[in-house]
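All of the numbers you see were taken from the coordinates with simple rules; none came from a lab. What you are looking at is a predicted structure, and each value in this text was computed from that prediction instead of being measured. Note that we place each Cβ from the backbone using ideal geometry, even for glycine, and neighbour counts take in every protein chain shown.
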């Protein structure tokens, strides 16, 4: 399992990458592996204000549907429209292919998220 | 590959005709204003009768029903569908009656409805039934609505949650959600039964009810059912019985005697009506006395020697379906119950359980059985032993197709990994069961000696495994002229 | 009759294999106090001959449309069923199969559903249809639920009371969920009050519904409501009658987002109200939200064309408590009957049937006029209309005494339906009985 060091992770297997005010959100390698072949990604609407832990979309595979919970609060300012035509991008490279970008201007709240190391340890408890 | 019906289109080849009308025949554009008339082409196919008959006959040869062979699809109760019942439902006196005919012109149908309500109440130990719901999930929907309406009527608005075991059919949590309840999942214990401690710890006065399948989806009887009922009732909740597995106790024990308040039964599972390739079914909903007023209307009543529909039920949740339920299906189930009678129903239940336990016993040397003890009408095995050679449950299921069987239900219940859920039903002979055992042993041997053979199955079906991923990523859900795929 | 094939020596042998001596021991996990002591209080089973007699006697107590001409419609129609259809539906590979979960062994059923979906799209002009729902009324309820889910929490659905009254009742029942609020706008002169509906449609509206033809058989102008509901970015839902679509403007032409209807006229017998066929079709953007099974075309490992249940992540067995619908079983065999029906009558045949129904109704109206009777509503209709009569119940009794099943009783009218099975002679007789002094 691949877990880049520069990201923050949630227990729901999302990652956040912070660039200035922007928070890029995606799903982890563990998540894409658990879901299997992803067939559809329902993206959030632009300008939607999201509280911590609120649903910002749904990811569907052939045999599963998973709600995407926002690991940080903020306003949706970009969505990755490539995923509409090619949801398999999330299987191919879950860390390069972000799902949405939130404006985190008021974000002191990356707390509760895990480092790569902590997330790896967390995933191991799930697999055992 | 057979062509689609649209690819057989020969304009002018269809010879359907109406008798002469003997009435004026003006152009439609003269009698219906243009704003209501269709401009867009229809594009329906035109095919001669003989070619159409061959088309559908060919499709039927590419389908597999109970009449083709063994169909151990767990939780689906694929028992034999008696042929006399098909004859009965097609009698003009049943098939040719309009739902709005005056009641005195349909007394036979109403008598059948009345008796059916009574017989289902006796078989399940409930006090009354409505035959309205069109399917099991529809009966569940009505049942959960009854639970909601009951609490509302008592002005107990805080009951916003429904409890569902983690082994439950997906319809249970979905039904609760659709009726506007929050779903709380109750864990199963190591014996595969409801974990009483978990149930107690999650039970509050916000719980409207618990939905339970008994025998559960592992094929195990919930031995603590009376205690479960007490926990739910003492907290002011109601106990819901998902009748999908009623066949496992039919004629031996009754949900009504176990403390269940609301129940649906699947006539297309327990009572021998055919599944139709996905429907129609019928899912009558039954209740205990204190809930009778909430049943979906109408209910059939008997007054003197006359039968009629009663719509005067002020607390009823209302109608869930047009007219009166799936009458044609109910005729078949009525015939089934009449044919078997009290003793026959009990024997059906007993033999269903005997067949399941016999199969479980015969398969245990070759397959892992996570909960290997007395089961009811079905049981779970998995592919743990075969996994050592990289053979999955899916592959075993597909290999069964090569040997002329329908596979069992796979990957359900969710709490057992790589599950195969096997329900033979009572209408299978020992010879059939032994053949299936031999086939399963052969597959186990193949999985050990030649795992590739199993992993690439089926080899003898009309197609190989299908690309489900592309089907869902780039859905093609209808035929279009000129579009080549 | 018993359908258990193992005689008692075989049962004993099987018990012995299990180390048991009686069938009762198979139930030792059920506490004795929960087991029936006396057995069920039901009569003894019947032989097949007795059963046949019993059922025949029950059926004989019902007047049926084979023997009596019927002018009842109101949502269930007495159309002719081609003999080939009746025969083919008895192929037990179809009717004794389960839902086609295993595509390799179910290509015939999957292909038949794919063809059905296509035909529903052809009739309605829509992009996608599901594999069927229970019936017209519950299909409308599912559509309204979908509109609410699609609008992310809006609850209001605006509908005219000229829609079938049972559909309205079913909507009311489904609104027990607290997620659907049905606003019923009273109609005027038998058709929807467009002004009233427009006034009710606002930014809280998730959808609006029109039925075509409406409950009274009349044609509705759907255009103003379509525009108003789309201005609010809500869904326009139509409930339609399938045979009429051979002539009438398709829901796609009206601008509908979501279409439902009662499919019974397409090959299902009257059968006292069921099993019938709820159909649902939608625009492409709703494809991943509509309830029920959907069959898709794909290929197998060898590249051969194949069919499979698809988009299953919408459904209850995967989404569980997040599923927007709990539907599982549908009416697959009725859907098969519908595609057989459309195949056996063909495009031309369907147009002729629809035209004949309309012409028979026109003929009846003219004949009623000749005896001084008139329609309750002066609006364009398809094949059904409300005829003014003083005492509808008495009129029906009189018809029945003359060997005719009459119409649906309204307050001061009989709703009469005309299918291609009716003849000039039967209509002349109907007019003579109702018009006679």
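Computed quantities for the displayed model
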read-out	value
Nearest-ten-degree value, helix C:48-60 long axis tilted from longest Cα axis of chain C	10
FRET efficiency for residue A:21 and residue B:35, using Cβ-Cβ distance with R0 set to 60 Å, rounded to 0.05	0.65
Estimated FRET transfer efficiency (residue A:78, residue C:202; beta-carbon r; R0 35 Å; 0.05)	0.65
Spin-label zone in region B:207-232 - amide nitrogen under 15 Å from a point set 7 Å from the Cα of residue B:156 along the C-beta vector	B:207-211, B:229-232
For residues of C:211-219, the mean tally of beta carbons on other chains within 10 Å	1
Cβ-Cβ FRET estimate between residue B:442 and residue C:301, R0 fixed at 22 Å, reported to 0.05	0.45
Fluctuation leader among C:273, C:303, C:407 - chain C, Gaussian network, Cα springs under 10 angstrom	C:303
Region C:334-387: proportion of alpha-carbon pairs further apart than 16 angstrom, %	54
Cβ-based exposure ranking for B:264, B:368, in which fewest neighbours within 10 Å come first	B:368, B:264
Relative contact order of chain C, pairs being alpha-carbon contacts under 8 Å that are 6 or more residues apart, as %	20
Helix C:332-370 vs. chain C, principal-axis angle (Cα, 0 to 90°, nearest 10)	30
Mean-position separation - Cα centroids, region B:107-131 and region C:364-437, in angstrom	36
Rounded to 5, percent antiparallel among DSSP beta bridges of region C:96-209	10
Label-point separation in nm, residue B:190 to residue C:188, each point 7 Å along Cα→Cβ	7.4
Rounded to 5, percent antiparallel among DSSP beta bridges of the protein assembly as shown	65
Order of C:148, C:383, C:328 under a 10 Å beta carbon neighbour criterion, fewest first	C:148, C:328, C:383
Angle in degrees between helix C:8-17 and the longest Cα principal axis of chain C, rounded to the nearest 10	60
Length added when fully stretched, residue C:17-residue C:227, from 0.36 nm per residue minus Cα-Cα	68.4 nm
For region B:84-340, share of DSSP beta bridges that run antiparallel, in % to the nearest 5	40
Relative exposure of C:116, A:119, judged by other C-beta atoms within 10 Å (fewest first)	A:119, C:116
Expected 222 nm ellipticity per residue - DSSP helices of 4 or more, -39500 (n - 2.57), all of the protein assembly as shown, to 500	-10500 deg cm²/dmol
Cα→Cβ-extended label distance, 7 Å offset, between residue B:459 and residue B:54, nm	3.2
Label zone at residue C:378, where the point sits 7 Å out along the Cα-to-Cβ direction: region C:176-192 residues whose backbone N lies under 18 Å	C:188-192
Euclidean distance of C-alpha centroids, region B:330-377 and region C:50-90, integer Å	35
